[in-house]
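Asks: Submitted below is the structure of interest, expressed as structure tokens.
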Amino acid sequence: MVGGFQNIFKVPELKRRILFTFGLLMVYRIGCAVPTPGVDAEALASKFSDAGPLSGIIDMFNMFSGGALERLSVFALGIMPYISASIILQLLTVVIPHLDRLSKEGESGRKKITQYTRYGTVILSIIQGFGISVGLEAMKVIANPGWSFRLMTVLTLTAGTAFIMWLGEQITERGIGNGISLIIFAGIVARMPSAIYNTFRVMSDQAFVILMLVVVMVAVVGFIIFVERGQRRIPVQYAKRIIGRRMYGGQSTHLPLKINTSGVIPPIFASSIIMFPAMVAGYVNVPWMQNVAEAMTPGGIVYNLVYVGLIIFFCYFYTAVTFNPVDVADNMKKHGGYVPGIRPGKRTADYIDRVLTRITFGGALYVSAVCVLPTILIAKFNVPFYFGGTALLIVVGVAIDTISQMESHMLARHYEGFMKKKGAIRGRHS
């Protein structure tokens, strides 16, 4: 492991990408501390500390924004408008033929969809920024309320979200790892030291509870790593082919299908959908809307049922978007490959789809359990910060994906990866 990290600095391109990624993440963290003009920070902090039924939702939103919400910095909206716009575009791709054609046109089509996603991000940021400005005026934490404050807040928060979106795209293109996921990762990790300190300070007389929480966290991290590396390998045989005077093919290989094909996308998508309606319900002073906000508090029965349902839906949806069994079966057929006992073509596609559907169900249950069960335990123990299974899954999942990309860069230049062959990261030789 130590030798693997030493090899990073022997690859100039990888070193440059890592330093570039760290530099942009530092810019993001600095932006989280820049306050929005016209907001009384002390009054806002006191309001957030006594948020009532909204406290769970605010803590969860604050976790995804890296603490920017509680300070109402220029990055208070975080990356959630971009994620919401991505969800909307992907759902519309299934419904609107024009978007479906664009998704199949290769790089040019993807660029056009990305452009639409950026427009959607700006529109959602404007709507959410206006809602936050009105909510802040209702909370009476504004020195000079009025349309000037509302316009300034909308402009500031929209510009902040657009800048975060640009940072994420730059990290993905010129850095290492997925930029959007790394920004969320950085926000969660940055809050961990203060959260751990506050937990030990508040619960210093409950040593057994703290020990239990540590054991649960370690067990969940180990379980996440174990399942994320799990694969269902479909055997594939390639027939022998004669090209000129040489014979090619005839080897046996496999098609690796990850148990959790969608990664950390489902809990991120589900969280982005479930947070904003609850926040809007909390700001509207209507009794039944207040009941909705209270029912959607993280750890509650209604919240967990809706959250699990959304996670399962997005596990299947995102897997269907990113993995097409028909294309895989056609490519195998073109290159003379087949699954033993299965006829090439449609039969192979149906077989792969059936296997993928089964393992996706298991993966969806795994993601739901990891996201919900630790959160329930933390709520029962009254832990003074929100760091449930969703945060653990995102942190561990993003770390595994980023390390895998770093390892692929080193292996491409004949350097040993982070692990020896016996404990190599699963999938790097696939």
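Asks: Would you be able to tell me the number of residues in the range 143-177 that are outside any helix (DSSP H, G or I), among the small types (Gly, Ala, Ser) and more than 18 Å from the chain's Cα centre (by Cα)?
Replies: Counting residues in the range 143-177 that are outside any helix (DSSP H, G or I), among the small types (Gly, Ala, Ser) and more than 18 Å from the chain's Cα centre (by Cα) gives 2.
Asks: Of all residues in the range 197-228, how many are assigned to a helix (DSSP H, G or I) and either surrounded by 13 or more Cβ atoms within 10 Å (Cβ to Cβ) or in contact (Cβ under 8 Å) with a residue 60 or more places away in the chain (or both)?
Replies: We begin by selecting, within the range 197-228, every residue assigned to a helix (DSSP H, G or I); these are 197-202, 207-228.
Those left that are additionally either surrounded by 13 or more Cβ atoms within 10 Å (Cβ to Cβ) or in contact (Cβ under 8 Å) with a residue 60 or more places away in the chain (or both): 198-199, 202, 209-210, 212-213, 216-217, 220-221, 223-225, 227-228.
Final tally of qualifying residues: 16.
Asks: Right, something else. Kindly list, by first and then second residue, each pair from a residue in the range 89-105 that is farther than 17 Å from TYR119 by Cα to a residue that is assigned to a loop (DSSP other than H, G, I, E, B), limited to pairs with Cβ atoms under 8 Å and residues at least 6 apart or on different chains.
Replies: If the second residue must be assigned to a loop (DSSP other than H, G, I, E, B), no pairs are left.
Asks: Additional query: Return yes when ILE184 is within 30 Å of PRO81 (Cα to Cα), modelled with pLDDT of 85 or more and either touching a Cys at 6+ places or on another chain (Cβ under 7 Å) or surrounded by 15 or more Cβ atoms within 10 Å (Cβ to Cβ) (or both) and no when it is not.
Replies: Here the answer is yes, as ILE184 does meet what is asked.
Asks: Let me ask you something else. Could you check the range 1-32 and list, in sequence order, the residues that are at pLDDT 80 or above and β-branched (Val, Ile, Thr)?
Replies: Within the range 1-32, ILE18, THR21, VAL27, ILE30 qualify.
Asks: Right, something else. Looking at the range 33-64, which of its residues are at pLDDT below 70 and either closer than 15 Å to GLY187 by Cβ or not in a helix (DSSP H, G or I) (or both)?
Replies: Listed by number, the residues that qualify are ASP50, ALA51, ILE58, ASP59, MET60.
Asks: Here's another thing I want to ask about it. Mind telling me which of the residues LEU136, LEU157, LEU124 ends up being over 30 Å from SER404 (Cα atoms) and at pLDDT below 85?
Replies: LEU136
Asks: How about the range 68-88: which of its residues are crowded, with 19+ Cβ neighbours inside 10 Å and within 17 Å of the chain's Cα centre (by Cα)?
Replies: LEU77, GLY78, ILE79, MET80, PRO81, TYR82, ILE83, SER84, ALA85, SER86, ILE87 - these are the residues of the range 68-88 that are crowded, with 19+ Cβ neighbours inside 10 Å and within 17 Å of the chain's Cα centre (by Cα).
The values are calculated or read from the model by the stated rules, or taken from the named source; none is laboratory data. Not measured: the values here are computed from a predicted model. Counting neighbours? That spans all protein chains shown, and the Cβs are built from the backbone with ideal geometry, glycine included.
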